[in-house]
Amino acid sequence: MSSSGKSSSSSGSDAIQGVAQRLIAHTKTKADVISTLNVLADAGLIKDIGAEGTTSTLKRSLRQSSVDQAKIKTPYGPLIQSLEINAAELKHGEYINPFAWLYYLSTISPAFADMMRDHTVDGNRLRIVIYSDGLVPGNPFRPEPSRKLNCIHWCIAEWPQYVLSRSFAWPVFSIIREEVIHSIPGGLPRLMRLILHLFFGNSGSSFTTGVHIACRSGDFVIKAEFGGFLADLLGHKEITDWKGTGGTLLCLECSNVINHNHRRCKAGEVFAAEWNRNKFNRRSSSDVFAIIDELNTKKATLGNVAFDKLETAEGFNHNVYGLLQDHTLRAIYKPIEHCIRDWQHTVCQDGVANTHIFYMIRHLQQKFSIRIEDIQEFSQLCKYPASIGKLEKSAFARSRLRPKSKTIASFSSIILTMMQVMYLFLEGFVGDILGEHFEAFQKLWHIVGLLRMGAEDSVQHAETLLVLIAEHLRLVTKLYEKEVKPKAHHLFHVVDGMLQLHRLLSCFVTERKHKAIKASALHVFRHIEHTVLYDILNKSIVQIKEGHDLFTETFLVAPVQSIELASVVFRRSRKCVLRIGEVSAGDLIINDSGDVAKVLSVFQQSIDVELLLEVDVYSSINGDTRCRATDRSHRHLFKASSIIDVLIWYEDKPNIIRCAIPPALLYK
């Protein structure tokens, strides 16, 4: 074959590989990619697949591409490296080196490097937050314990709100089967010891010594300290060897908050239902370290029964390999300051909101004969933002009620939507006759609304949140049950973590990240850690190389045309991403002036100019911001920065719609 023939064949193969790499970033498996390529080839849209791209060849090529990505060289070594964990069946665990990742990311994404430069103040250390949680590939209601994974991600707390809310921005550190973690001497706490030493070592490559960032305006070095662990309550229990909410002491931080299922309160003790924060006895990190040191000392002198009683009284388990046992880390890791509770699990995952929705449904049935089916029917009449989609009828199905545990079962994101629907129903039809019952639910609506504002915007409302949480808990215990779930108490500590970090982080974004990991792990049954980690890294690199707008606060999604207005050319789209999230044509939005409007399209003059939303503004009725006349509208342009929220609404009467005013506007 001539050299030109070889060149042509090679370029054809390279083209196929390029298409394959882009496809694999957006599909679930390599088999999906092969199937798509074969369809394109059959249609004549890709050539040379028969000669150079048999199914087996392409699979090998895609696997090799993932391996090549992992072996990319940086000043900190390859992207994927190994860490000695000494598990029974996995002596070395693979991980994506965070220093190599940051450096490489800065070389392939100038926008990322510029963002790092903009949010790095010379001389100030950044803060690293580490997240850990489990996931089960496949059906979560029929889990396979042997395939359950623990995913460890991290982020830099100083990243802007719009970045922290996007799943791609939370780099994966490692993915390890939970049965492997359990076989490590000391378990997850031991693994976290190793990770903190790697991240914050005093010598060699670490965030303590500094990480090099390549930037077009001049390279620079960032340094960072530990910002905390983000996890649900079970995760914090596993990381710290705390007894957890099932123990006698149901709080890591408060030494006098007692689990009512264990015993009565003694003098100075309170239950989780206590709403007065002044009655909490707060531990310091030094107090926790003193408890751990006492357990170490008493282990050698006490019998098993006496030692078990001591562990129960102090609220911690003795783990000789545990994170709290490492004296060299005590200057880095503070168990109280670095315990970041996640509001998603606290409020929406069998949490405070689930319980209150259950109480309200029960109260409406008992006092007013309003059935859950009536709320269900109303939910189907509501109109929803495109990013949420219509709430399924089964969300308010009677079968979802759990009278024994006093909750309504659903996924966290659905609970957020159900709360909005429930509040619309109460406010529109029975709010005037519910009295304190409506007031209590309104408090919860305001709490969730302020938490939903985002990592930065919620912080300014911290003191308001503490007042609302206390008042909500007071009303709930007065109206429904004297005893509440531990999560009602830990909601106070969600705000404590926000004040400590000056950011409100939640697991909503990392749970979305889990979807990508599940997709990669779904059909993998051998070497699952290795295969999934390489696949996730490959997808991340392809996504970033293609994603020109990933580090931009607002951008158009798939702009389809350019139009000329007053001699100025604008790009136009039916969808955009704003600070508040995704907004689409047809959505009902509200701005910071309280104007409610329907989105028609979105314009942008250039990438550096603020987006403008073309809208039909609906006039309020008798000055009531909640009620709008659709037959009295005028065309207008809203600036992207003025948008407060995207609304759920329903038609109250012909040409009259009703919505709820978001707390973000009420507390502006």
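Here are the numbers for the structure shown:
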| item | result |
| --- | --- |
| Computed label-point distance, nm, for sites Asn655 and Thr107 using a 7 Å Cα→Cβ extension | 6.5 nm |
| The range 84-106 and the range 316-380: distance between their alpha carbon centers, rounded to Å | 31 Å |
| Net +/- balance of residues flanking Leu391 in space, Cβ distance below 14 Å, scoring K and R +1, D and E -1 | +2 |
| The chain, accessible surface, carbon-and-sulfur percent (1.4 angstrom probe) | 50 percent |
| Low-density loop cleavage sites - trypsin sites (Lys or Arg not before Pro) in the range 143-241, where at most 13 other Cβ are within 10 Å (DSSP) | Arg216 |
| Hits among aspartates and glutamates - C-alpha to C-alpha of Lys598 under 17 Å, sequence gap 8 or more where chains match | Glu582, Asp587, Glu614, Asp616, Asp631, Asp645, Glu651, Asp652 |
| Dipole magnitude of the range 482-560 about its Cα centre (Cβ charges: Lys, Arg +1; Asp, Glu -1), debye to nearest 20 | 300 debye |
| Per-residue SASA entry for Ser562, accessible area with 1.4 Å probe, Å² rounded to 10 | 80 Å² |
| Under the Karplus curve 6.51 cos²θ - 1.76 cosθ + 1.60, θ = phi - 60°, whole-Hz ³J(HN,Hα) for the range 73-85, x wherever Gly or Pro sits | 8, 9, x, 10, x, x, 5, 9, 10, 10, 10, 6, 10 |
| C-alpha center-to-center spacing [the range 622-668, the range 233-272] in angstrom | 44 Å |
| Built amide H within the under 5 Å cut-off of Ser619, gap 5+ | Ala629, Arg632 |
| Filter on Lys309/Lys513; Lys393/Lys639; Lys148/Lys243 - keep pairs with C-alpha separation over 31 Å | Lys309/Lys513; Lys393/Lys639 |
| Positive-end residue of Phe411, Ile544, Gly138, charge dipole of the chain with Cβ unit charges | Gly138 |
| Cleavage-rule hits, trypsin sites (Lys or Arg not before Pro), the range 392-435, DSSP coil, Cβ neighbours within 10 Å at most 11 | Lys404 |
| Per-residue [θ]222 nm for the chain (sum of -39500 (n - 2.57) over DSSP H runs n ≥ 4, rounded to 500) | -12500 deg cm²/dmol |
| Label-point gap, in nm, between Ala88 and Lys545 - each point 7 angstrom along Cα→Cβ | 4.1 nm |
| Accessible area (Å², 1.4 Å probe, nearest 10) - Leu233 | 30 Å² |
| Net charge over other residues, Cβ less than 11 angstrom from the Cβ of Pro663 (K, R count +1; D, E count -1) | +2 |
| Solvent exposure of the chain as accessible area per residue, Å², 1.4 Å probe | 44 Å² |
| Whole-number percent relative contact order across the chain, with pairs defined as alpha carbons under 8 Å at least 6 apart | 12 percent |
| The range 460-502 residues near the modelled Asp592 label - backbone nitrogen below 16 Å, point 7 Å along Cα→Cβ | 460-461 |
| Calculated from backbone phi, Karplus (6.51, -1.76, 1.60) coupling profile of the range 346-360 in Hz, x at Gly/Pro | 5, 9, 10, 10, 6, x, 4, 5, 4, 5, 5, 4, 4, 4, 5 |
| Hz values of 3J(HN,Hα) by residue in the range 522-529 - Karplus curve (6.51, -1.76, 1.60), Gly and Pro given as x | 4, 10, 9, 10, 10, 6, 5, 4 |
| Global geometry of the range 435-578, whether rounded, prolate or oblate, following the gyration tensor of its Cα atoms and the 1.5 cut on a/c | oblate |
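The values are calculated or read from the model by the stated rules, or taken from the named source; none is laboratory data. Bear in mind that the values here come from a model prediction, so they are computed numbers and not experimental data. Here Cβ is always computed from backbone atoms with ideal geometry, including for glycine, and neighbour counts include all displayed protein chains. Just the protein is used for accessible areas: all its heavy atoms, side chains included, with ligands, DNA and RNA removed. Shrake-Rupley method; radii C 1.70, N 1.55, O 1.52, S 1.80 Å.
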